[in-house]
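One structure is given below, represented as structure tokens, and several questions about it will come after.
Read the figures in this text as sums done on the coordinates, not as results from a lab. Keep in mind that what you see is a predicted model, and the values were worked out from it rather than measured. Every residue, glycine among them, receives a Cβ derived from its backbone with ideal geometry; neighbour counts consider all protein chains shown.
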């Protein structure tokens, strides 16, 4: 039985990796739909989000079945509970990618982000891509160097999120654009925050210690 | 052992009720700090959020211990897994109340919400209070009438969230105020959304059916 159990546990780990790859693709495509005002691509991202949700539901069912059938204890139990939480974070990251595309669709054919802020938002999106790619590697290898990379990228993302709010305060944008800038910046910041949440859970499983000191102050 | 188990399971249920009460208090006080520009109250809400986080951590540890020691199956297992998820939703609702107070603190001594929109935001806050109060009752009684009340309140909250964006688009507010209005409206909408998530989990435990049809389209 232990062998079947370990295979099931490994499958859950592989499912998490696959979901994180789907989320990475969703973010890359959502960003392109947003920055290029590509409404067809936006529609695809929006409808594809259901696949991420389905994969999360399947992973959760697998994890609950494993809890029921195998009654794992100690570290195996914590791995399964952590997997349930990580799948919830990844699913939420998928939702945030969808929100980017929904914003693109709402404003189409107008672009959402005004040209002077495009470079800033592209960099924020790049940071999120770096975060989700590091999450995928971290889930694959459990190498905590990737956790450090995630925290570094998130610190930079927080700075940029604050700088966006600073530049918005200077004004000059229409009310719709001001709202869009604020919300898109928030979506990108939240995306990274969920990536940090996944990284902290992996680090906890690897080290057995909850490193609260690594907590970055989350943006309001 | 089963008696100890049932007592532990009941304790987890009571913990959820208590956390939902703390969240209700947090939202009421956060709303007052926001609408009355009361920075001392805002500071209290912000520091009290750590208590909600602590209660969530304690509940989660209790739930994981119960999984490890008692190896529950079937409906008991699902109740414990659902409790872990509901505690995460409640903790997030506490965070959103904190964000309201952080916004109040950021703009102090200026009010965050301009006078013409105050009635709208008060009503949104009232809807959220109604939602979290219904969540508390639902967790206490498992009476699904409260789930219906939550869905009704959330539908109204979604309408108001959309109307806020409509009135913001008409302009006339400073860029800071426009951003604040957008984010505060979003925080209030998200708060209600997490309340709906808790309600759906309780309904699932009671009926054994996941009522996806009750899903409201979530705001982007």
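Which values, in whole Å and largest first, are the semi-axes of the equivalent ellipsoid of chain B obtained as the square root of 5 times each eigenvalue of the Cα gyration tensor?
34, 20, 12
Shielding of A:81-93 by partners, i.e. mean partner chain Cβ atoms within 10 Å per residue?
Numbers: counts 8, 0, 0, 4, 4, 0, 0, 4, 1, 0, 0, 1, 0.
Per residue, the average neighbour count from other chains is 2.
What does the structure give for A:171-178 when I average, per residue, the other chain Cβ atoms found within 10 Å of the residue Cβ? Mind showing how you got there, number by number?
Values: counts 4, 1, 2, 3, 13, 5, 2, 12.
Partner Cβ neighbours, averaged per residue: 5.
Something else now. Just to verify a number: FRET efficiency for residue B:148 and residue A:44, C-beta to C-beta distance, R0 = 30 Å, to 0.05? Don't skip to the answer; put the middle values down first.
Details: r = 35 Å, r/R0 = 1.17.
E between residue B:148 and residue A:44, to the nearest 0.05, is 0.30.
For B:205, B:54, what ranking results if the residue with the fewest other Cβ atoms within 10 Å of its Cβ goes first? Provide the component values of the computation, followed by the final result.
Values: B:205 16, B:54 11.
By the 10 Å Cβ count, ascending: B:54, B:205.
Could you tell me whether region A:98-202 comes out rounded, prolate or oblate from its Cα gyration tensor? Rule is a ≥ b ≥ c as square roots of the eigenvalues, rounded for a/c under 1.5, then prolate if a/b exceeds b/c, otherwise oblate. Could you put the intermediate results ahead of the total?
Numbers: a/c = 2.96, a/b = 2.05, b/c = 1.44.
The shape class here is prolate.
Which chain B residue puts its Cβ closest to the axis that rotates B onto A, and at what distance in whole Å?
Value returned for chain B: B:71, 2.
Residue separation times 0.36 nm, minus the C-alpha to C-alpha distance between residue A:54 and residue A:156: what's the value? Walk me through the numbers on the way to the answer.
Working: separation 102, 0.36 × 102 = 36.72 nm, distance 3.21 nm.
That works out to 33.5 nm of additional length.
Where the label is 7 Å out from Cα toward Cβ, how close does residue A:7 come to the same position in every other copy, in nm, shortest first?
4.2
A further question on this structure: In a Gaussian network model over chain B where Cα atoms closer than 10 Å are linked, find which of B:117, B:59, B:41 has the largest mean-square fluctuation.
Among B:117, B:59, B:41, the largest GNM mean-square fluctuation belongs to B:117.
Here is a further query. Which whole-number percent gives the relative contact order of chain A, counting Cα pairs below 8 Å spaced six or more residues apart?
Values: 268 pairs, mean separation 57.2, N = 220.
Reported as a whole number, the value is 26 percent.
Related question: For peptide A:107-113, how many partner chain Cβ atoms fall within 10 Å of a residue's Cβ, on average? Could you put the intermediate results ahead of the total?
Working: counts 0, 0, 0, 0, 0, 0, 0.
Neighbouring Cβ atoms belonging to other protein chains average 0 per residue here.
Using the 7 Å Cα-to-Cβ label point, sort the distances from residue B:108 to its equivalents in the other copies shortest first and give them in nm to one decimal.
4.5
Just check the protein assembly as shown against the gyration tensor rule for me: Cα atoms, a ≥ b ≥ c as the square roots of the eigenvalues, rounded for a/c under 1.5, and otherwise prolate or oblate depending on whether a/b exceeds b/c.
Working: a/c = 1.74, a/b = 1.28, b/c = 1.36.
Oblate, because a/c is 1.5 or more while a/b does not exceed b/c.
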